[in-house]
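A short write-up of the structure that comes next.
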Amino acid sequence: MRLLFIGDIVGRAGRAVLLDNLPKLRDAWSLDCVIVNGENAAGGFGLTEALCNDILDAGADCVTLGNHAWDQKEALVFIERQDRLLRPLNYPPGTAGRGAYLYEARGGARVLVMNAMGRIFMDPLDDPFAGVDRALTDCPLGSGCDAIVLDFHAETTSEKMAMGHFCDGRASLVIGTHTHVPTADAQLLPGGTAYQTDAGMCGDFDSVIGMSKAEPIQRFTRRISQGRFAPAEGPATLCGVAVETVDRTGLAKMIAPVRLGGRLNEAKPAWP
Ligand SMILES: [Fe+2]
Ligand SMILES: [Fe+2]
């Protein structure tokens, strides 16, 4: 099975690079399942129902979120009727929406997608390791489903690497999001789980993690806010990872970084 995970969509520029490329990639790369993190799609802050539908219509099977999940308050409502939208599974019990769901991919394969959030330098949510462990136990790779993808939305590289190894051999892909900068550590872990610490963003890299530079620099240098953060609007780079799994086990046999357009060096999978 061929999976594509695409990192945080940041604002209009991020949406444009996604909508321009995803329909073509879906066919050209014969993708079975596409997952997109949409937590910054609406002006950098959260996701509206209209934008969620645009991402799904462009060819995503599932949209994940993170700490910006509820920046657009309508998300609390439409997530209840949109089972293709996930928020972190370790929000407190009773939170709107769901954090894991079993999707039917192209060709009928079953793909469990999970979204969880780290706790280091982030909101103090429930234990993501315990929550992910429960989801993996409830729907084991190979017997319960054909592939498992975890979007682990976290600030620190250590917490993300720990989660990767915690899931090694039990998930097809553990991919980090939230820091918006793609890391250079795409690898197959020893147990067969594909891993990259951060997918990177879909956004303009002439920016501070997707936002126009002036206000972040002002806040770092003067410690005074002079306005709102707004997404940078130059040409964006689409960032993510492509993964190929083994049919029988659901484990990964290949992971490749994807970077298309904008300012970053291009990277693509060498599909056979
Ligand atoms: Fe983000
Ligand atoms: Fe985030």
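The values are calculated or read from the model by the stated rules, or taken from the named source; none is laboratory data. Owing to the predicted nature of the structure, the values given are computational and were not obtained by experimental measurement. Cβ atoms come from the backbone with ideal geometry, glycine included; neighbour counts cover every protein chain shown. SASA here: full protein model, heavy atoms, side chains in, ligands and nucleic acids out. Shrake-Rupley method; radii C 1.70, N 1.55, O 1.52, S 1.80 Å.
Details
Per-residue answers, yes or no, for (1) in contact with a Leu (Cβ under 8 Å, 6 or more places away or on another chain); (2) under 21 Å from Asp83 (Cα atoms):
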| residue | (1), (2) |
| --- | --- |
| Lys24 | no, no |
| Asp27 | no, no |
| Leu31 | yes, yes |
| Ala42 | yes, yes |
| Leu47 | yes, yes |
| Ala50 | no, yes |
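- Residues that are in contact with a strand residue (DSSP E or B) (Cβ under 6 Å, 6 or more places away or on another chain) and at positive phi within segment 166-191 comprise just one, His178.
- Residues of segment 212-229 classified as touching a Gly at 6+ places or on another chain (Cβ under 7 Å) and open to solvent by less than 50 Å² (accessible area, probe 1.4 Å), total: 1
- Per-region count, segment 182-211, residues farther than 12 Å from Gly14 by Cβ, within 16 Å of ligand 2 (Cβ to nearest atom), among the aliphatic types (A, V, I, L, M) and surrounded by 21 or more Cβ atoms within 10 Å (Cβ to Cβ): 1
- Residue in segment 112-129 that is free of Cβ contacts under 8 Å to residues at least 12 places away in the same chain and in a strand (DSSP E or B) present: no
- Any hit, segment 98-106, residues being within 17 Å of the chain's Cα centre (by Cα) and over 20 Å from Cys33 (Cα atoms): no
- Scanning segment 165-196 for residues that are of a type outside the set (Gly, Ala, Ser) and within 16 Å of ligand 1 (Cβ to nearest atom) turns up Ile175, Thr177, His178, Thr179, His180, Val181, Pro182, Thr183, Gln196.
- Close pairs (9 angstrom Cβ cut-off, 6 or more residues apart or separate chains): among the aromatic types (Phe, Trp, Tyr) and away from ligand 2 (no atom under 13 Å from the Cβ) in segment 31-44, part of a strand (DSSP E or B) and open to solvent by less than 10 Å² (accessible area, probe 1.4 Å) anywhere: none
- Subset of segment 50-68 (residues that are away from ligand 2 (no atom under 12 Å from the Cβ) and touching a strand residue (DSSP E or B) at 6+ places or on another chain (Cβ under 9 Å)): Leu51, Cys52, Ile55, Leu56, Ala58, Gly59, Ala60, Asp61, Cys62, Val63
- One residue from Leu19, Leu25 being crowded, with 18+ Cβ neighbours inside 10 Å and either of a type in the set (A, V, I, L, M) or touching a helix residue (DSSP H, G or I) at 6+ places or on another chain (Cβ under 9 Å) (or both): Leu25
- Residue list for segment 150-180, restricted to those being more than 16 Å from ligand 2 (Cβ to nearest atom) and either open to solvent by 40 Å² or more (accessible area, probe 1.4 Å) or over 16 Å from Arg248 (Cα atoms) (or both): Ser158, Met161, Ala162, Gly164, His165, Phe166, Cys167, Asp168, Arg170, Val174
- Test: residue in segment 127-144 that is more than 16 Å from ligand 2 (Cβ to nearest atom) and within 16 Å of the chain's Cα centre (by Cα): yes
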